[in-house]
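Just below is one structure, and these are the notes that go with it.
Bear in mind that the values in this text are calculations on the coordinates, not laboratory data. Here the structure is a predicted model, which means the values were calculated and not measured. Cβ placement follows ideal geometry from the backbone for every residue including glycine, while neighbour counts extend to all protein chains displayed.
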Amino acid sequence: MPDDKTQDTRGEWGSPGSSELDKYLSELVGATLRGDATRGGTTAPIILPDPEDLTVRLVSQHSLNRLRDAESDKAVFDNLLWCLLGGLIGFFTNVVTGDRSVDAPGYVFLTFIAVTTIATFTMRRRLVRRLTQARKRVHHGGD
């Protein structure tokens with residue numbers, strides 16, 4: 001290859017002064033496509049994405065911690081919600097299959113479980129919104 005020009009990964013000639021990484025990748029792709037024995041002898045084509053697609057976005061540790069905390073909180077409320085729903089299903093299963101009617105403590109328990117389930121569901125929805133906002137901040141910027 002000439003010294004003043006390098007071939008980029010798409011097979012086009014780049015401008016003089018391309019980076020060392022571009023030169024290395026050009027040589028690697030050229031050797032691979034030609035089946036150079038010193039590079040392993042493979043003839044499998046390698047397709048690299050455009051440089052715009054290889055952009056790396058740096059994110060602050062604080063943003064990642066907030067995202068992890070939001071995911072953890074959502075998981076806790078998901079588990080609590082499933083436990084409460086299981087309690088409601090178990091209560092109604094016992095009422096249907098049992099030969100006794102529901103007494104006052106049963107209604108108190110049912111009311112407690114129902115109110116707690118509704119509150120947990122509401123909190124879970126708020127946490128899902130918070131998690132969505134945290135993900136947007138991490139992916140699109142704007143701490």
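Find, among the trypsin sites (Lys or Arg not before Pro) in segment 76-143, those assigned to loop by DSSP (not H, G, I, E, B) with at most 16 other beta-carbon atoms within 10 angstrom. Within segment 76-143, the qualifying trypsin sites (Lys or Arg not before Pro) (loop, at most 16 other Cβ atoms within 10 Å) are R100. What the Cβ-Cβ distance of F92 and K136 gives, at R0 = 30 Å and to the nearest 0.05, is a FRET efficiency of 0.15.
Between D78 and V102, the contour length at 0.36 nm per residue exceeds the alpha carbon distance by 5.8 nm.
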